[in-house]
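Structure, as structure tokens:
The values are calculated or read from the model by the stated rules, or taken from the named source; none is laboratory data. Every value quoted in this text rests on a predicted model; they were computed, and no experiment measured them. Here Cβ is always computed from backbone atoms with ideal geometry, including for glycine, and neighbour counts include all displayed protein chains. With ligands, DNA and RNA removed, areas are computed over all heavy atoms of the protein, side chains included. Shrake-Rupley method; radii C 1.70, N 1.55, O 1.52, S 1.80 Å.
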Amino acid sequence: MATATPTQQQASRRKAPTGYRDDTRLALLFILPALIGFAVFMIWPTLRGIYLSFTKFNLLTPPKFNGLDNYIRMVQDPVFWNALKVTLYYVVLNIGLQTVLALVIAVMMQRLTQKTWLRGIVLTPYLVSNVVAAMVFLWILDYQLGIGNTILAGLGLDRLPFLSSDTWVIPTIALINVWRHVGYTALLIFAGLQLIPETVYEAGKIDGASEVRMFRSITIPLLRPILSLVLIITVVGSFQVFDTVAIATRGGPVDSSRVLQFYIYDVAFGRFQFGYASAMSVALLAVLVVITFVQYRLTRAESSDLA
Amino acid sequence: MTTDTTPQVATIAPTTTVRHAAPKEPRSFNPGRALAWAFMILVILVSLFPFYWMLRTALSSNNALYAGSHSLLPVQASAGGFERVFGLQTGQEAIDAGGAGQAINFWRYLFNSVVVSTLITVGQVFFSAMAAYAFARLQWKHREKVFAFFLAGLMIPAIFTLLPNFVLIKQLGLVDTLLGIALPTMFMTPFAVFFLRQFFLGISREVEEAALMDGASKVRVFFRLILPMSVAPITTLAILTYIASWNEYFWALMVSYTDKSRVLTVALGVFKSQTPQTGPDWSGLMAATLVAALPMLVLFMLFAKRIVNSIGFSGIK
């Protein structure tokens, strides 16, 4: 991630101002626990995940190499393609709505009031788990008893089968996750806004620019690098949607909310086909790498207009 | 292991961001401003209403919810929902009230969640601090290369390591144990190391040099000087790690099978699947949901300012 570069340079410049002492043995001792954790639970599983994707593995007997079988099966599996489609649909809705809302909220927090209590309230939904969010909305959006549908009916509108119709289920899940994450995203953008010097706005005001005009001509262009970083982080997160689906719909109705991560879980723990599940994980990983790379290039995340 | 939909990559800014004073606006009425405030009030309402609704439903009698679905206050106020959650009602009472009648005891899950989150937080923060110190202050060969390697770990989505890690935890015989849930994130996350290293780099070298002159060892400097001077960022990191591990669902779901290792998120899912399909025990479910959410809400109330201000960007200009 782009976060690393400036600090690395900083570090090498700071190196040893007062004579060089070699701390190799002590350093080894200090990084040992972290290194073990890193090697055993991050590097090794990454390599092993890729290896398992070329095997037939049911967890009980040792994995058996079967070449490209899992990948061939994946390409021919309509449920996989459907899951990929559903996931993409979810990501587009979730990220589209969340980013626009978060941007508006962030700008308002910047321009209306910078009070901490307001940021605290906006962040509150982020403090509870996805499971809690799914549970409470399952209840609020219940067809007969939910307050959401009671309000709709009270307004003379039709009740909506939010989580039990194949048309509404993905938009609803996307909205539930917007509820939980929009405050967090808004605060990230807000932090980015803090980096834009107030003097730019003052100059705009002297020139008689309206708030809307300043938003378009100052905020958006100067915020671009931050915004693209926020997008990369949230898109990668959004692709991994699982919790809400597992609690609220279990992939249904039929396959209409069977997102990729839920299908992978189902194949691994429902049918014990760990090899095939790993192959789909590799596919998801590849999709994420490509999307991150494309986003990075498209939004020119590395260059700032502020410098 | 964080499979939370927003990974913590850019969560914390160790260096406080430059704060500009809020622009002084003239206090005259302005329709644009009024509209903006109306929008913000709507945002506040939507953010907080579900929490009120959990409480309102949890304090209602389940059988009265149908008739009282319009009521904004609890209908036939009762603590029955909470009693079912903590296993204080007999099976028959629970079934009569619309519950599943199966014995559940949330104290157990609460305890499990506390143990898992504490193990992860203490281990991860301490070991990451040690590594961060070695990367920030100790002189050794290949230091920058090893650090770059650690940082590359930021790019591996947590979700990708879950399946192979489960296989490993199973081979270690740790499935369905609290240690098995905690182990993969107990040693480090690349983010924690990166974050603390940033902060350690900012600590003045002079104090450290002085202590070394006085004959203190580097180990002593770390424990007696660096750690005490870093209480603020370490607390922030610990709170965020605690919240993330408390809210984790996917990984815990893979590893725990029985009450022995069920954490609150997983237990909530099980509780939900046990409730009658027709006419679910909503007041019991909402009571359970509230119990699961409450500890983090309390933590947030205690540390709101610190948590809110910690969200930002580290290392980016």
Can you compute 3J(HN,Hα) from phi for each residue in the range B:176-182, using the Karplus curve 6.51 cos²θ - 1.76 cosθ + 1.60 with θ = phi - 60°, rounded to whole Hz and x for Gly and Pro?
6, 10, 5, 4, x, 5, 7
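Computing the accessible area with a 1.4 Å probe over protein heavy atoms, can you report the carbon and sulfur percentage for the range B:106-272?
Working: 3930 of 5640 Å².
For the range B:106-272, the apolar C and S fraction of the accessible surface comes to 70 percent.
Given a Förster radius of 25 Å and the C-beta distance between B:Val122 and B:Ala152 as r, what FRET efficiency does 1/(1 + (r/R0)^6) yield to the nearest 0.05?
Working: r = 26 Å, r/R0 = 1.04.
Calculated transfer efficiency: 0.45.
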B:Asp96-B:His70 pseudo-label distance in nm [points 7 Å out on the Cα-to-Cβ vector]
3.0
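Using helices alone, what [θ] at 222 nm do you get for chain B, with -39,500 (n - 2.57) per DSSP H run of 4 or more residues, divided over all residues and rounded to the nearest 500? Display every interim value, and only then the final one.
Values: 14 runs with 193 residues, N = 317.
Rounded to the nearest 500, the figure is -19500 deg cm²/dmol.
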What number results when the radius of gyration of chain B, computed over Cα atoms, is divided by 2.2 N^0.38 Å?
1.23
Roughly how many nanometres apart are two label points built 7 Å out from the Cα toward the Cβ at B:Thr278 and B:Ala238?
5.3
Scan around A:Thr55 for amide H atoms under 5 Å from its own, H built in the peptide plane at 1.01 Å from N, and keep only partners 5 or more places away or cross-chain.
A:Asn66
Using 0.36 nm per residue, how much length does the chain from A:Leu60 to A:Ile218 gain when fully extended, once their Cα-Cα distance is taken away?
50.9 nm
Which cross-chain or sequence-distant (5 or more) residues have an amide H under 5 Å from the amide H of A:Ser256, H modelled 1.01 Å from N in plane?
none
Under 5 Å between amide hydrogens, which residues at least 5 positions from B:Trp140 or on another chain qualify, with H placed 1.01 Å from N in the peptide plane?
A:Asp23
With an 8 Å Cα cut-off and a minimum separation of 6 or more residues, compute the relative contact order for chain A in percent.
27
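From the P(r) of the range A:56-103, can you give the percent of Cα pairs sitting at distances over 12 Å?
On the way: 818 of 1128 pairs.
Within the range A:56-103, distances greater than 12 Å cover 73 percent of Cα pairs.
Determine the per residue accessible area of the protein assembly as shown with all protein chains present and a 1.4 angstrom probe, expressed in square angstrom. Display every interim value, and only then the final one.
Numbers: 26440 Å² over 624 residues.
It amounts to 42 Å² per residue over the protein assembly as shown.
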Report the Rg/Rh value for chain A, based on alpha-carbon coordinates and the Kirkwood definition of Rh.
1.04
Accessible-area loss of at least 20 Å² in the complex relative to the chain alone (1.4 Å probe) applies, within the range A:22-39, to A:Asp23, A:Thr24, A:Leu26, A:Ala27, A:Phe30, A:Ile31, A:Pro33, A:Ala34, A:Leu35, A:Gly37, A:Phe38
Cα extents of the range B:106-272 along the three principal axes, largest first, in whole Å?
60, 33, 23
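For chain B, what is the relative contact order in percent, using Cα pairs closer than 8 Å and at least 6 residues apart in sequence?
Numbers: 346 pairs, mean separation 110.9, N = 317.
Dividing the mean separation by the residue count of chain B yields 35 percent.
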For chain A, which longest stretch is free of loop sites, where a loop site is one of the trypsin sites (Lys or Arg not before Pro) that DSSP puts outside H, G, I, E and B and that has at most 16 other Cβ atoms within 10 Å?
A:22-114
